[in-house]
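A short reminder: the numbers here are calculations on the coordinates, not readings from a lab. Treat the numbers as computed from the prediction; the structure is a model and nothing was measured. Ideal geometry is used to build each Cβ from the backbone, glycine not excepted, and the neighbour counts take in all protein chains shown.
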Amino acid sequence: MAKDPVRVLVTVVAGQIGYAIVPMIARGAMLGPDQPVILHMLDIEPAAEALNGVRMELIDAAFPLLKGVVATTNAEEACKGVNIAVMVGGFPRKEGMERKDVMSKNVSIYKAQASALEKHAAEDCKVLVVANPANTNALILKKFAPSIPEKNITCLTRLDHNRALGQISERINVHVGDVKNVIIWGNHSSTQYPDVNHATVATSSGEKNVRELVADDNWLNSEFITMVQQRGAAIIKARKLSSALSAASSACDHIRDWVLGTPKGKWVSMGVYSDGSYGIQPGLIYSFPVTCEKGEWSIVQGLKIDEFSRAKLDATEQELIEEKALAYSCLN
């Protein structure tokens, strides 16, 4: 029996990440090869013509799973009945801008879009915030969409998670699919903590600990962490543009695992509401290791945190506390 279409909103589709993600969604990379979708695409008025061009391309691609396209510059129209919202749009930091200026711009963007979701999205709408500062933008969205449950608002740290998997697989020359259970703790920023203490690799003689196989604690505790933290900047330097393909792919991974579930024995990193786990202040959106089942995420509990890791978890928490205070000061 054919499934009912799922309505998926993507904001700023004329931008690079949006342009990369919509064909992935239409092909089933986000919700599976048998799930029809209706794409809702929102962009700003100056991009209306480019937005229509993306709509035309989606029609020309003749995706069998794509059952409809809504392309609009009106937030209320874009949010009508959506089951999943991928919030790609935000205001980027420009040269000479203070953090407060950037935060103020993003607060106004997310206040408006949150209000539209609050009024018009489906009751069970799941939200993924991609635009930076992602964790804090998600907090602002929640403030202005009070009827969307906390558990349904998340931010993207799967890109960092996937970057960590990629770096480990390259370092020890194994397939990336054989590496699992790295963790990204904290903020999607340069304070995030990529943690391999609980990560394993599938080998011909069974699962082995990543630290054992890398056999270089100095690299894992320094260069590896910096490489993952600074990967976005390295890509900008190389491409002269920010990460788009990898961000779009990771957003699909995030939603797919959230909706369809994580494989048994495997966890992923998601920015979710802290409930106080691992001593992190409740009410922050903080990246934790999670498992997902039946559309719900759960923080992995009981992992041992050594002294080195504790300092890293606390440092990125402190940055998020400061960001939250800065964002809330922009509301006045």
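Here are the numbers for this structure:
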{"item": "Neighbourhood charge, 11 Å Cβ-Cβ cut-off, centred on Thr191 and excluding it, Lys, Arg +1 and Asp, Glu -1", "result": "-4"}
{"item": "By average C-beta atoms within 10 angstrom, highest first, the peptides 69-77, 296-304", "result": "69-77, 296-304"}
{"item": "Between helix 158-172 and the chain: long-axis angle, C-alpha atoms, 0 to 90°, nearest 10", "result": "40"}
{"item": "Gaussian network model of the chain, springs between alpha carbon atoms under 10 Å - residue of Gly32, Gly206, Gly18 with greatest fluctuation", "result": "Gly206"}
{"item": "Listed peptides 313-320, 78-85 by packing density, highest first (mean Cβ within 10 Å)", "result": "78-85, 313-320"}
{"item": "Considering only the chain, percent of DSSP beta bridges that pair antiparallel, nearest 5", "result": "50"}
{"item": "Hz values of 3J(HN,Hα) by residue in the stretch 137-147 - Karplus curve (6.51, -1.76, 1.60), Gly and Pro given as x", "result": "4, 5, 4, 5, 4, 4, 4, 9, 10, x, 7"}
{"item": "Note, ³J(HN,Hα) from phi for the stretch 125-133, Karplus 6.51, -1.76, 1.60, rounded to Hz, x at Gly and Pro", "result": "4, 9, 10, 10, 9, 9, 5, 7, x"}
{"item": "Placed amide H near Trp185: partners under 5 Å, 5+ positions off or other chain", "result": "Tyr193, Asp195"}
{"item": "Folded to 0 to 90 degrees: helix 245-260 orientation relative to the chain principal axis, Cα", "result": "90"}
{"item": "Separation of alpha-carbon centers, the stretch 47-69 and the stretch 147-167, rounded to whole Å", "result": "27"}
{"item": "Between the stretch 309-332 and the stretch 203-241, the alpha-carbon center distance in angstrom", "result": "25"}
{"item": "Anisotropy class of the stretch 182-332 from Cα gyration tensor, a/c 1.5 cut", "result": "rounded"}
{"item": "Approximate spin-label separation Ser222-Ser169, in nm, with each point projected 7 Å along Cα-to-Cβ", "result": "2.8"}
{"item": "Max mean-square fluctuation residue, GNM over the chain, Cα-Cα springs under 10 Å, options Tyr19, Tyr273, Tyr193", "result": "Tyr19"}
{"item": "Amide proton proximity set for Ala71, modelled H, under 5 Å, gap of 5+", "result": "Met41"}
{"item": "Nearest-ten-degree value, helix 16-27 long axis tilted from longest Cα axis of the chain", "result": "80"}
{"item": "Among (i) 0.97; (ii) 1.06; (iii) 1.11, the entry that matches Cα Rg over 2.2 N^0.38 Å as calculated here", "result": "(i)"}
{"item": "Counted charge near Asn83, where neighbours are those whose Cβ lies closer than 9 Å (Asp, Glu -1; Lys, Arg +1)", "result": "+1"}
{"item": "Relative contact order computed over the stretch 120-278 (Cα-Cα under 8 Å; 6+ residues apart), in percent", "result": "26"}
{"item": "Neighbour net charge for Ala14 - beta-carbon separation under 10 angstrom, K R +1, D E -1", "result": "-2"}
{"item": "Residue-averaged [θ]222 nm for the chain, counting only DSSP H segments that reach four residues, each worth -39500 (n - 2.57)", "result": "-13500 deg cm²/dmol"}
{"item": "Length-normalised contact order of the chain in % [C-alpha pairs under 8 Å, at least 6 apart]", "result": "17"}
